[in-house]
1. List, in order, the whole-Hz ³J(HN,Hα) value for each residue of region A:202-216 obtained from phi through the Karplus relation with A = 6.51, B = -1.76, C = 1.60 and θ = phi - 60°; use x for Gly and Pro.
2. Summing +1 for each Lys or Arg and -1 for each Asp or Glu, what net charge is found among the other residues whose Cβ lies under 13 Å from the Cβ of A:Gly237?
3. Using θ = phi - 60° and the Karplus relation 6.51 cos²θ - 1.76 cosθ + 1.60, list the HN-Hα couplings for region B:139-155 in order, rounded to whole Hz, with x at every Gly or Pro.
4. Just to be sure I understand the curve: with the Debye formula and one point per C-alpha of region A:184-245, what is log10 I(q)/I(0) at q = 0.23, 0.24, 0.26 Å⁻¹?
5. When you look at the Cβ of every residue in B:173-183, what mean number of other chain Cβ atoms sits within 10 Å?
6. Would you mind calculating the relative contact order of chain A from Cα pairs under 8 angstrom and at least 6 residues apart, reporting the percent as a whole number?
7. Which percent of the Cα-Cα distances in the protein assembly as shown go past 39 Å?
8. Give me the base-10 log of I(q)/I(0) for region A:83-170 at each q in 0.15 Å⁻¹, Debye formula, one uniform scatterer per Cα, rounded to two decimals.
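Every number here is computed from the coordinates shown, using simple stated rules; none is lab data. Just so it is clear, the model here is predicted, and its values are computed rather than measured. Every residue, glycine among them, receives a Cβ derived from its backbone with ideal geometry; neighbour counts consider all protein chains shown.
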Amino acid sequence: MMLWYKAWRESRDRFLLSAVTIAALCVGFVVFHRQGAEISDRPLTYLEYIWRIVYKGYLRELFVLLALLLGIGGLLRERDHGTAGFTLALPVSRPHLVLVRAATGLLEIAVLSLLPALVIPALSPLVGQFYPWSQSIQFAILWTAGGAFIFVIGFVASNVFGGEYTAPIAAFLGLLLYSVIVDLPFLEHYPLDIHDMMSGVGMPYFKSSVATLAGPLPWAELAIIFLIVISLVALAGRIAEHQDF
Amino acid sequence: MLWYKAWRESRTRFAIIASALAGFCLFAVLLHHQIQSGVTNPIRSLRGNSYSEHIDRLIYSGTAKGMFALLTIFLGLGGLLREKRHRTASFTLALPVSRLRILVTQMAVGIVELAILSLLPALLIPSSSLLVHQYYPLAEALHFSILWFCCGSGIFAAAFLLSVLLGGEYTAPVACYVALMLEVLISNWPSLRPYRLNLMWTMGEFGTMHWNPEHNLLLAGPLPWPRLLTIMAIALCMLALAARITQKQDY
């Protein structure tokens, strides 16, 4: 239990800052929806507006980088701070330490993904609008999977790269490289783009004319993403086991 | 010695950012034909544009601009609070120099690194364009370097100030990223749009580019000096505030 508390304390500030920002932005987007809809050059329905500004645009981009930064930390950082010795003296294995930190981070990602799903449908009636709970919950599932994948990029980078800010920079560049590679012509026909999967753009389960999720969620792809995430967390644990502190 | 210390602390970040930016610029120029013709087409929206438009979309108002803005946040993270976390603050503070001088040196080294990063595309794009039998005017590239430097200094200063204020692990870059996104969002709000407060728009000359009479070069208008000077003045105020806060902090 103490390890969970340690992982929580280390990421608490970042998580709370991210959560407050996401929640506040959702409130702002709903309350000022009339003004916000004017961003587009054509009139938008409420569903289209929410999708464009939250699930495709600003909020998703914000969420992606927050997820990446939530993944940073771990034993290499502790080595820089001179506290790795204390952590390693605890009667637990290194993979256990890595696993707890990953699980804490993934739970935080799930909470961040759920925030728009709670705030938007709950607040919409207050401004005379309606946003279906089913839509927002489905997007929350997609964001949890996508966010977990992006989180694990930061997580692995922070287990590989020492140096104060090397890991986040490397993680960011890794994400950029991934985003470029999945847009390559021979790959763009496969559902590999996590950004498109999160927003639904070009996906068979998304109806762009009404900006809603219309088909069943891609459970097989989501399961594969979670398998990749688990494998990468295991890899990070293996790397930590072989590192010299 | 202080300069060397500040350089040693930031050189890895600087080297990675410079390599990434240079690598991306060379990728955009040397593989422009493949990107534009769709043979190997990494960026979907770039098929069949002119070379000048291709550079503008990919570098000056596209991916490279976003990369520069986001990575500048990491360049700006400094101050003594992070040294406190490393338990080295007392050694630095024991040096026979004022806190102000330590901070000003860090800021100056960061600003010089920022200037070099801003200049990188201007050095690489016009010269490497010749290798692929294309032309990109140096004056145009330098125009964007000035824009990137001025707007980048605003981001740098915000990151520096937040790293002086926020002590939590990686809280400062998260806060700075959130602040940057909020700035973009608020300045895009319909009632604020005419004032063009969006830093990213200024960096990429969004909506102000025009074609030359031959319609083969996308050109920017004159530099928006009042806006750039305002950004620089705000950056200077943020750096001064960071120095003032550091002087009053207890280590």
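1. x, 8, x, 8, 10, 9, 5, 5, 10, 6, 9, 7, 10, x, x
2. On the way: positive: A:Arg94, A:Arg101, A:Arg238; negative: A:Glu241.
Surrounding charge for A:Gly237 is +2.
3. Along region B:139-155, the couplings run 4, 5, 5, 5, 4, 6, 4, 5, 4, 5, 5, 5, 5, x, 5, x, 5 Hz.
4. Calculated log10 I(q)/I(0) at the listed q: -0.97, -1.01, -1.09.
5. Values: counts 7, 12, 5, 0, 8, 10, 1, 2, 8, 6, 0.
For this peptide, the per-residue mean of nearby foreign Cβ atoms is 5.
6. Numbers: 276 pairs, mean separation 66.2, N = 245.
For chain A, the relative contact order is 27 percent.
7. On the way: 30387 of 122760 pairs.
Counting pairs separated by more than 39 Å, the tail of P(r) holds 25 percent.
8. -0.71
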